[in-house]
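The values are calculated or read from the model by the stated rules, or taken from the named source; none is laboratory data. Keep in mind that what you see is a predicted model, and the values were worked out from it rather than measured. No Cβ is skipped: glycine too gets one built from the backbone with ideal geometry, and neighbour counts run over all protein chains shown.
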Amino acid sequence: MGFVFYLISTFTVGGALAAVLLKNLVHAALALTVAFFGLALLFLRLDAQFAGFAQILVYVGAVAILVVFAILLTRGSELPKEGVFSKTWLVGLAIAAGVFALLAWAVLQAAPWLPQEKAAPTVTVNDIGNALMSRYVLPLEIVAVLLTAALLGAVIVAMHEKERSR
Amino acid sequence: MIERLDQIFVILKHWLLGYLPESWQTPVGVILSVVCIIGLYPALFAITTVLERKGVARIQNRLGPNRVGPYGILQPMADGIKSLTKEDIVPTTADGVVHFLAPVVLVVVVFMGFAVLPMGRNMVLVDMDAGLLFYFAMGASAELSVFMAGWSSRNKYSLLGAMRAVAQMISYEIALLLSSVVIVMITGSLSLVKIVEAQNHYTWGLPHWFIFTPWGLAGFLMYAIAGTAETNRSPFDLPEGESELVAGYHTEYSGFKFALFFLGEYVAMFSISGLGSTLFLGGWTAPLEVLQFIPSWIWFFGKLFLSMGVFIWMRGTLPRLRQDQLMNFAWKFVLPMCLLNLFAAGLWHFMGAGWLRWVVCSAILILAYVSIGREGMRRKNLGPRSYRYAE
Amino acid sequence: MANPLTGYLIVAALVFAIGLAGALTRRNAIMVLIGIELMLNAANLNLIAFWRYGRHPEVLTGMMFAIFSIAVAAAEAAVGLGLVISIYRHAKTTDLEQMNRMKG
């Protein structure tokens with residue numbers, strides 16, 4: 001496990017930690033962007049170039065901007081008086097720690113039996129396109145319908161209602 | 001001899017690398033190419049600032065800078081010294097870290113786009129399989145830096161300018177992507193090197209550039225409009241218009257940071273012009289078969305400067321679009337035209353060679369332009385203006 | 001670790017746990033959504049890691065799953081943030097501690 005992997009992982013996990021711990025919401029959103037970049041770099045290390053660039057294009061270019069706009073439109077820059085963590089934060093933290101312990105134990109226990117093909121898969125974008133149109137055409141069409149429904153739904157939910165005459 | 005002139009930079013690089021041991025050659029080669037790109041484009045930026053000021057001045061019937069050198073060509077030196085020595089003012093209530101990082105992020109992300117542009121025959125930094133996707137991924141990251149600049153200044157005008165700029169950039173990014181997808185569809189590859197290779201054929205002396213097809217011409221016009229809007233350039237420069245919002249999202253920046261924003265904007269213009277000429281104008285290929293003796297990199301940079309000339313011309317002549325006109329234009333005209341362009345390009349591919357496909361595709365696109373552009377954008381009867389807030 | 005796959009899986013588990021902690025402990029509704037995005041990303045990393053190191057990577061199952069997951073996560077973030085804005089308009093706050101009544 002090279003030095004580069006550790007560097008990118010530290011970057012990613014640091015960004016994720018900053019994203020959930022920072023009090024200033026816009027700083028947290030920017031730390032989230034750093035975490036997204038780190039994950040895209042990990043995808044690139046795993047020879048999944050299409051997924052890595054799609055991650056940057058969609059997450060950094062769209063989702064991060066959405067989050068930041070929502071923070072601005074809901075006055076997120078004002079801190080609440082009682083602090084930013086809920087009253088039951090200890091229980092939440094314990095649950096998260098328990099989940100991580102379970103997952104790590106499962107991974108380390110199954111380590112000898114995990115597959116490890118050394119050769120990098122030579123996957124071109126051409127193959128991805130062909131696969132999308134032949135084997136995965138049904139999920140593609142369903143995702144298209146889902147995105148249209150989400151677009152219409154988000155616009156209607158967030159639309160300013162006309163003043164009802166009372 | 002002609003091939004040597006054409007490949008002179010490649011030959012030079014291999015000769016320099018020949019002095020190094022084997023294991024050092026690849027990293028040093030990459031660093032050498034990167035240093036060349038980072039050195040070349042700011043130099044072009046310096047030349048372009050003076051050309052722009054003189055060009056816009058002449059369009060406006062005045063002279064432009066003519067004091068610093070003969071005909072004012074040393075003006076960038078004066079501008080550079082000024083911006084480096086100016087005091088760097090940061091407002092007390094501004095968010096220090098984000099305020100500092102915004103121009104840095106912009107410049108880094110904008111220079112990354114040059115990694116996949118083929119600047120001549122065999123002169124691309126990285127020949128990626130998904131090169132075009134990488135380019136757009138970097139372009140999408142630039143919007144975040146605009147927002148960071150506007151928000152960290154704690155200034156209502158900056159924030160307003162930043163939100164307008166981000167909304168504009170997101171809307172036109174879709175148009176940019178869709179007009180490039182037509183090229184990907186016809187070529188069958190996301191690699192920019194293959195896209196240029198697909199245009200490197202000649203029929204009766206005329207090149208096979210994609211702009212000479214009906215869907216290519218429509219795509220190029222949509223790409224040009226979307227590219228102008230992506231770089232916040234006139235006539236889409238409401239976010240940074242001086243008479244509207246002081247200076248928009250870079251109001252609170254002074255000295256070198258402002259120079260970095262300026263640099264980022266112009267290098268983004270170079271980047272988008274470079275991609276446009278690669279996709280539609282044939283990249284480094286010559287316009288006529290007989291002119292192939294001129295080196296390929298001269299054609300690439302010539303097309304780049306031609307595009308910059310058109311940008312400067314548009315800035316001097318066209319009035320600025322208002323924010324709602326801008327967004328209306330993006331969603332109601334450019335996007336439907338791009339989708340119909342995709343349909344026309346698909347028809348083109350499946351109709352087979354001949355004169356029929358020219359007639360059918362041109363008819364579809366002209367009909368679409370007339371119905372959507374002329375009739376659809378006609379001004380409706382104006383009523384009292386309504387405002388929308390978030391709450 | 002002899003097997004590079006375990007490294008990626010541990011990182012994915014860590015990011016997942018951090019996202020879960022964020023979704024469970026923060027007061028602001030938008031921070032919960034940020035936690036959810038982190039969890040989805042961790043799952044994507046898991047999928048791509050198994051695709052790379054598993055048998056038959058040319059079938060592209062892992063990469064396709066991850067790409068569709070990215071698309072669905074983006075759609076869900078859009079709808080979720082629209083909901084948050086709509087609730088803010090009604091309750092004038094995004095604090096989840098104060099939204100503890102069923103009556104609007």
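Computed values, structure above
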quantity: Criterion (away from chain B (no Cβ under 14 Å) and either touching a residue at least 24 places away in the same chain (Cβ under 8 Å) or more than 30 Å from residue B:159 (Cα to Cα) (or both)) met by exactly one of A:153, A:76, A:98; calculated: A:98
quantity: Considering residues of region B:118-143 that are assigned to a helix (DSSP H, G or I) and in contact (Cβ under 8 Å) with a residue 40 or more places away in the chain only, the residue surrounded by the fewest Cβ atoms within 10 Å (Cβ to Cβ); calculated: B:136
quantity: When residues of region C:14-57 are limited to those that are under 18 Å from residue A:112 (Cα atoms) and part of a helix (DSSP H, G or I), the one farthest from the other protein chains (Cβ to nearest Cβ); calculated: C:46
quantity: Checklist (1) under 17 Å from the mean Cα position of the chain (by Cα); (2) more than 9 Å from chain A (Cβ to nearest Cβ); (3) within 19 Å of residue B:390 (Cα to Cα) applied to residue C:84, failing item; calculated: (2)
quantity: Residue check for residue C:69: of a type in the set (Ser, Thr, Tyr), facing another protein chain (nearest Cβ under 7 Å) and part of a helix (DSSP H, G or I); calculated: no
quantity: Qualifying residue in region A:83-90 (condition: at pLDDT 90 or above and either in the same structural domain as residue A:147 (by TED's automatic domain parsing) or of a type outside the set (S, T, N, Q) (or both)); calculated: yes
quantity: Filter result for the condition that a residue is at positive phi and of a type outside the set (Ser, Thr, Tyr), over A:61, A:83, A:98; calculated: A:83
quantity: Filter result for residue B:64 (surrounded by 15 or more Cβ atoms within 10 Å (Cβ to Cβ), not charged (D, E, K, R) and not in a helix (DSSP H, G or I)); calculated: yes
quantity: Residue, surrounded by the most Cβ atoms within 10 Å (Cβ to Cβ), within region B:144-188, restricted to residues that are among the basic types (Lys, Arg) and away from chain A (no Cβ under 11 Å); calculated: B:164
quantity: Only one of A:88, A:122 that is of a type in the set (Val, Ile, Thr), over 21 Å from the mean Cα position of the chain (by Cα) and either surrounded by 13 or more Cβ atoms within 10 Å (Cβ to Cβ) or under 30 Å from residue A:49 (Cβ atoms) (or both); calculated: A:122
quantity: Residues of region B:276-302 satisfying the condition of being modelled with pLDDT under 85 and either under 17 Å from residue B:114 (Cα atoms) or touching a Phe, Trp or Tyr at 6+ places or on another chain (Cβ under 7 Å) (or both); calculated: B:289
quantity: Subset of region B:78-99 (residues that are surrounded by 13 or more Cβ atoms within 10 Å (Cβ to Cβ) and touching a residue at least 24 places away in the same chain (Cβ under 8 Å)); calculated: B:79, B:80, B:83, B:86, B:90, B:91, B:94, B:95, B:98, B:99
quantity: Hits in region A:16-29 (condition: touching a residue at least 12 places away in the same chain (Cβ under 8 Å), more than 9 Å from chain C (Cβ to nearest Cβ) and under 22 Å from residue B:105 (Cβ atoms)); calculated: A:18, A:24, A:26
quantity: Residue A:52 being closer than 21 Å to residue A:15 by Cα, in a loop (DSSP other than H, G, I, E, B) and in contact (Cβ under 8 Å) with a residue 12 or more places away in the chain; calculated: no
quantity: Counted residues, region B:194-210 - those being assigned to a helix (DSSP H, G or I) and crowded, with 20+ Cβ neighbours inside 10 Å; calculated: 3
quantity: Residue identified as charged (D, E, K, R), exposed (fewer than 14 other Cβ atoms within 10 Å of the Cβ) and either at positive phi or under 25 Å from the mean Cα position of the chain (by Cα) (or both) among B:322, B:315; calculated: B:322
